[in-house]
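**Student:** Take a look at this one; I'll ask things after.
Bear in mind that the values in this text are calculations on the coordinates, not laboratory data. Values in this document were obtained by computation on a predicted structure and should not be read as measured data. Every residue, glycine among them, receives a Cβ derived from its backbone with ideal geometry; neighbour counts consider all protein chains shown.
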There are 2 protein chains.
Amino acid sequence: MPRSTRRRPALAHPATEEIDLLDVLHALSDPTRMTIVRVLRAEPERACGTFPVDVAPSTLSHHFKVLRESGLITQREEANRRFSALRTVDLERRFPGLLDTVLAAYGRTGGGAEARGGGEACGGEDG
Amino acid sequence: MPRSTRRRPALAHPATEEIDLLDVLHALSDPTRMTIVRVLRAEPERACGTFPVDVAPSTLSHHFKVLRESGLITQREEANRRFSALRTVDLERRFPGLLDTVLAAYGRTGGGAEARGGGEACGGEDG
């Protein structure tokens, strides 16, 4: 069945009060996932396949799934495109100051050298 | 050869400017390692085998190694005992506010239920 017409399962997102700090730290401990979070920090929403990361689609799909299931991002589907957004408000409510502190630390220690490229996949339930 | 007389290799510690944020986040993303860090936050130094964690010695040894190699702790040996300490000053210089913010987040979301028990191992180069 082509991907465009395949029925996808609903995307799992933890409620704000269920967001686990250790899951969030794990999600942030990878350079590709950190890049995605930094990109989403600068804009409200972004379509999958447009992130400046250079990894295989299946790998990228896994990274988006880790980010979503940790509570760092939400994802929604619209006309066969998937959009991702950072859960800034939820995260600030759950862990005040955490995201700002982590992103500032990453930025000030030269962690901002992003790989360039583009991925197609974007975190399906099976990916 | 008994452990007490075995010659151990020197313990590896990254310099402050080499401490990598993603390594630190990864090190903090595990409940046993988080417990060790929280214990060390409250006292200057602690002997291995006295931490309130309930994992196998080989697992505990791995956790200490991850913590040390990430730059979160230092370890030193004295009379066949190994002592661990949090690199509070180094971490604050490298990533201002990070440790406080993470530990506060962990504390306020109920992450403080520590396992009880005791481990013998403590992060040798081979463990």
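**Student:** So how far apart, in nm, are the two label points at B:Ala56 and B:Arg81 if each is 7 Å from Cα heading toward Cβ?
**Tutor:** Rounded to a tenth, the inter-label distance reads 2.7 nm.
**Student:** Put the label 7 Å from Cα along Cα→Cβ for A:Thr88; what are its distances to the other copies, in nanometres, shortest first?
**Tutor:** Between copies, matching label points for A:Thr88 lie 3.4 nm apart.
**Student:** Using a 10 Å cut-off on Cβ to Cβ distances, tally the other chain neighbours for every residue of A:25-34 and report the average as a whole number. Numbers along the way, then the final one.
**Tutor:** Values: counts 11, 5, 2, 6, 11, 3, 1, 0, 1, 3.
Other-chain Cβ atoms within 10 Å of each residue's Cβ, averaged: 4.
**Student:** Starting from the amide H of B:Ile73, placed 1.01 Å from N in the peptide plane, find each other amide H under 5 Å away whose residue is 5 or more places distant or on another chain.
**Tutor:** Here the answer is B:Arg68, B:Arg87, since their amide H atoms fall under 5 Å of that of B:Ile73.
**Student:** So for the range B:7-56, taking the charge dipole from beta-carbon charges (+1 Lys/Arg, -1 Asp/Glu), which of B:Thr50, B:Ala15, B:Thr32 sits furthest toward the positive end?
**Tutor:** Highest projection toward the positive end goes to B:Thr50.
**Student:** Using per-residue counts of other Cβ atoms within 10 Å, averaged over each peptide, order A:56-65, B:30-39, B:71-80, A:74-83 from highest down.
**Tutor:** Put in order of decreasing packing, that is B:30-39, A:56-65, B:71-80, A:74-83.
**Student:** While we're looking at this one, here's another question. Using the basic label-point model (7 angstrom from Cα toward the beta carbon), what is the A:Ala15 to B:Glu18 distance in nanometres?
**Tutor:** The answer from the label model is 4.7 nm.
**Student:** Now for a separate question. When Lys and Arg each count +1 and Asp and Glu each count -1, what net charge do the other residues less than 14 Å away from B:Phe95, Cβ to Cβ, add up to? Intermediate values should be presented prior to the final figure.
**Tutor:** Details: positive: A:Arg108, B:Arg87, B:Arg93, B:Arg94; negative: A:Asp100, B:Glu17, B:Glu18, B:Asp20, B:Asp23, B:Asp90, B:Glu92, B:Asp100.
Spelling it out: positives minus negatives among the neighbours equals -4.
**Student:** Rg/Rh for the range B:1-96: what does it come to with C-alpha atoms and Rh from Kirkwood?
**Tutor:** Rg/Rh for the range B:1-96 comes to 0.96.
**Student:** On average, how many beta carbons from a partner chain sit within 10 Å of the beta carbon of a residue in B:12-20?
**Tutor:** 1
**Student:** Put a label point 7 Å from Cα along the Cβ direction on B:Pro44, then list its distances to the equivalent points in the other copies in nm, shortest first.
**Tutor:** Computed spacing set for this position: 5.4 nm.
**Student:** May I ask you to derive the FRET efficiency for A:Glu45 and B:Ala104 from their Cβ-Cβ distance with R0 = 22 Å, giving the value to the nearest 0.05?
**Tutor:** Efficiency, from the Cβ-Cβ distance: 0.15.
**Student:** With +1 on each Lys and Arg Cβ and -1 on each Asp and Glu Cβ, how big is the dipole of the range A:10-52 about its Cα centre, in debye rounded to the nearest 20? Write down the numbers at each step before the final one.
**Tutor:** Working: 4 positive and 7 negative charges, 62 e Å.
It works out to roughly 300 debye.
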